[in-house]
Structure formats: structure tokens, C-alpha cells
Ligand code: GLN
């Protein structure tokens, strides 16, 4: 049952000049905006970026990567995005939407980039470019502590499994023999269905899984991990921003900023 995603390889993006970011319409609702702080710095030629906004499409129901706190989208992705935009001299605006709307927002130019604990996959690469990965993740299985019919990955065959729609969890589970897949807009709703006995297990990314289990006593994460993956930022195909984002990410990895941000939200 376990298979290694062939899509994990991060490719070095060589981006043609496409001016994609200049055409950002900012058409989506940006009720939860987050200001990028920091000044234009060494990374890229920020002279043209002064005062401009970059819209980030996300799904802010994915703690610790993006979630709403005090009316604001916070989390690892929000902070890394702020750091990148700060380096490149842009003001960050975060647009919250369903996860499966993010790639369309990016390809249509409604958003300049998507960042949502998003795994690099070959299929997504057909529609968007990805930056280099900024962190790793693993798909895990959440079950009820009591009387679970699922105790390991192989037990998923033939069971009813909850997932967040359009995620890699959805894709993997759809391959499980005889499984009935129940798709939810939010991971939290999938876990709620588990506690109500409507699904036998939920397959979702490990860090949000920990947050969901903490919020739902009586659930637990199985030791048997399901898939390893890498998260990256997606941008419109050919966007000249991709190379700039990669340069900024490299600097933020080297100077320890990414590590510091991740450690702020993930304790172990
Ligand atoms: N990492 C998973 C994916 O990319 C889930 C992301 C999410 O639900 N925000 O599909």
C-alpha cells in the first residue's frame, strides 16, 4: 500500500520572464489581510516592487501552517510568506479560500502565489510552477482510540475514509482498494465525522493531524505513516517571481529564519 511519491523531486525552476505578477488583479476577497513587514533587501531587484501587493491564496484551516487567530491568518506559511515578501519589497495580502480553489486562483492570476502546506506533485506541476521545497511532511492516519477497525495502513482497504477535498490525502486514498472516500472542505470536518462514527479513519498531513487530535479527545494518530511529501509555494507557470522566491527562500534557509519560524509553531 505504501508508495513513494515520485513527484517529490524539487525541480530547479528556470523561469522565463512573464510579468505574471504585474497583472495581479487582487480580485478575491482579502478580508484577512496580513501586512508584510521588513524592507527590500539584497535578494532581488526590488526597485520595481516598491509598494506593490502580492496576493497569497491559502486555506486558513490547516494549523500550524495557516490558521486564523485574532481575525488574522497566522502560521508557518503566513510568516514565511511575509519574510519573502519583505525581502522582495512587496506588501503581503492573504486570501483565504477552499484548498481546491487555490491552484485555479493562481493560474487565473487572481492570486500571485499559493501557499497552503501544499505538496509538490507531478499533476499539479502540469498547471503551476513550484518553488524549491521549504519543509517536509508526512501523511498520517487518524482513528478513534476505541474500537477502531483501522490499526495500520493496510487496514484502510474497503473502509470509509475521510479526507480534505483535493488534497494529496484524497489522491492516495482514492487508490486504496475498495475504500469509500468521504471528501470534506476542511480537515476539521473530516475529523468531526470520525468522532461521530461516520468514517473509519482520516488521512491528512501530520502537523494539522496533531492539532485536530488535540482538539478531539478520543482520537489518535497511528504510528504507521502513509506518505512522505515536500511542501512548496506554487506560482503561475513561467512567472518571473519563482526565481526571486527561490533566492529569498535560500537566504531565509541559510540565515536560520525558516527554522526559527517552524520551531515557533512546532515544538518537537
Ligand atoms: N499537503 C496536502 C496537499 O498538498 C494538504 C494541504 C492542505 O490541506 N492544506 O494536498
* To do: Might you let me know whether region 118-139 holds any residue that is at pLDDT 95 or above, surrounded by fewer than 24 Cβ atoms within 10 Å (Cβ to Cβ), over 19 Å from the mean Cα position of the chain (by Cα) and farther than 28 Å from residue 200 by Cα?
  => no
* Structure fact -> Expected single match for at pLDDT below 95 and more than 26 Å from residue 251 (Cβ to Cβ) among 31, 96 is 31
* Criterion (within 16 Å of the ligand (Cβ to nearest atom) and closer than 18 Å to residue 54 by Cβ) met by exactly one of 209, 232, 248 -> 232
* Kindly indicate whether residue 83 is more than 12 Å from the ligand (Cβ to nearest atom) and part of a helix (DSSP H, G or I). => yes
* Based on what the data block shows, is residue 132 touching a residue at least 12 places away in the same chain (Cβ under 8 Å) and within 15 Å of the ligand (Cβ to nearest atom)? -> no
* Just checking, how many residues over region 151-172 are within 16 Å of the ligand (Cβ to nearest atom) and over 17 Å from residue 188 (Cα atoms)? -> 2
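The values are calculated or read from the model by the stated rules, or taken from the named source; none is laboratory data. Being a predicted model, the structure only gives us computed values, none of them experimental. As a convention, Cβ positions derive from the backbone with ideal geometry for all residues, glycine included, and neighbour counts pool all protein chains shown.
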